[in-house]
1. Need a quick list: helices (runs of 4 or more DSSP H) entirely within the stretch 35-149 having at least 3 residues that are within 16 Å of the ligand (Cβ to nearest atom) and closer than 26 Å to Glu245 by Cα.
2. Taking Ser78 and the conditions (1) touching a Phe, Trp or Tyr at 6+ places or on another chain (Cβ under 7 Å); (2) open to solvent by 20 Å² or more (accessible area, probe 1.4 Å), which numbered condition does it fall short on, given that it satisfies the others?
3. Just to be sure, is Arg119 under 23 Å from Tyr266 (Cα atoms), in contact (Cβ under 8 Å) with a residue 24 or more places away in the chain, of a type in the set (D, E, K, R) and open to solvent by 10 Å² or more (accessible area, probe 1.4 Å)?
4. Of all the residues that make up the stretch 242-261, how many are within 14 Å of the ligand (Cβ to nearest atom) and touching a Gly at 6+ places or on another chain (Cβ under 6 Å)?
5. Out of the residues in the stretch 150-168 that are in contact with a strand residue (DSSP E or B) (Cβ under 9 Å, 6 or more places away or on another chain) and among the polar types (S, T, N, Q), which is nearest to the ligand (Cβ to nearest atom)?
6. Confirm whether Arg172 is modelled with pLDDT of 95 or more, within 20 Å of the chain's Cα centre (by Cα) and at negative phi.
7. Return only the number of the condition from (1) crowded, with 18+ Cβ neighbours inside 10 Å; (2) in contact (Cβ under 8 Å) with a residue 40 or more places away in the chain that Arg64 does not satisfy.
8. So which residues in the stretch 212-239 are of a type in the set (Val, Ile, Thr) and more than 7 Å from the ligand (Cβ to nearest atom), if there are any at all?
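The values are calculated or read from the model by the stated rules, or taken from the named source; none is laboratory data. A quick note: this is a predicted structure, and the numbers were derived from the prediction, not measured. In this analysis, Cβ positions are derived from the backbone assuming ideal geometry, glycine residues included, and neighbour counts consider all displayed protein chains. SASA here: full protein model, heavy atoms, side chains in, ligands and nucleic acids out. Shrake-Rupley method; radii C 1.70, N 1.55, O 1.52, S 1.80 Å.
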Amino acid sequence: MTGPATSLSDRKEALVDGEFAFTTQDFKRIAALLYDQAGISLPETKATLVYSRLAKRLRALGMRSFQEYCVFVAKESSVDEQQQMLRALTTNVTRFFREPHHFDDLRANILEPMADHVRSGGRLRLWSAACSSGQEPYSMAFTVLSVWPNAADLDIRILGTDIDTNVLATGRTASYDEGLLEGIPASTRGQSFERDPDNRGAWRVCEAARSLVAFRELNLNGPSWPMKGPFDAIFCRNVVIYFDEPTQERVWTRFAPLLTREGRLYVGHSERVGATVTAFESCGLTAYRRVGGRA
Ligand SMILES: C[S@@+](CC[C@H](N)C(=O)[O-])C[C@H]1O[C@@H](n2cnc3c(N)ncnc32)[C@H](O)[C@@H]1O
């Protein structure tokens, strides 16, 4: 890890007053590590949040200062702690059918035009990049099932990826507390979910949807992505907002060759694919298609 240069005054200045000493230099080291690891940019205005989220880690590790924590977490052998730090500092907020207009667009502009092709054995591939605990790829699966109720018998796959292995584990269980089902209309809940026999009060995504989705660990900021695509649609929502502009541009640009010519990229409500990314053009509210692709 190569942290930004610090002055002597940086090193001494206490950023947050509390149980543990936390200086500007500690903050910069943590921010540099998170940037190197995941491409996430942490402005200094987040210092209090960083302190409160990581203070729990210091207590769990029996450490007395952030300086001690920074030395430990930066070690190459501290892979587990780096994951713990990432989990503590990222947000996994998600829900079923979040930003529902994307699922309507997916259905109208990707799935329905492909209905006959897929029914007669053609391939459909969808990717939820930064899928958190699975609500997004399962919402894609429910949308797929609304077009092809026998989707499990067709050549359809949905990939869900995330950097955080804990959220992927939740996605694989496909089991959600009742309160998390608010995006699912009560009228279709019984078709999409079944009561989870292993977890009272929780609902499990139906087998037909589960069978379409596979979860894999993937760092969007990592050196290589193993998937070849092409995907008919990519959802990458509410994650690049934490990246700086060059990292955002790099991620958007990497998606382009992985989409079919007719494919679409859906981004989060406060995200945009900027004009500097010449591979994409807007085709709806936070929806993009490849330049030169078909409308
Ligand atoms: C706020 S959630 C978004 C979930 C979902 N896409 C949605 O819009 O509801 C952001 C997710 O991005 C993941 N994440 C953060 N940095 C990442 C990176 N470099 N590569 C892949 N996933 C990352 C986090 O672990 C988290 O699960």
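1. Fully inside the stretch 35-149 and qualifying: 47-61, 79-89.
2. Evaluating Ser78 over (1) touching a Phe, Trp or Tyr at 6+ places or on another chain (Cβ under 7 Å); (2) open to solvent by 20 Å² or more (accessible area, probe 1.4 Å) leaves (2) as the failure.
3. Here the answer is no, as Arg119 does not meet what is asked.
4. Within the stretch 242-261, residues that are within 14 Å of the ligand (Cβ to nearest atom) and touching a Gly at 6+ places or on another chain (Cβ under 6 Å) number 2.
5. The residue in question is Thr161.
6. yes
7. (1)
8. Matches in the stretch 212-239: Val213, Ile234.
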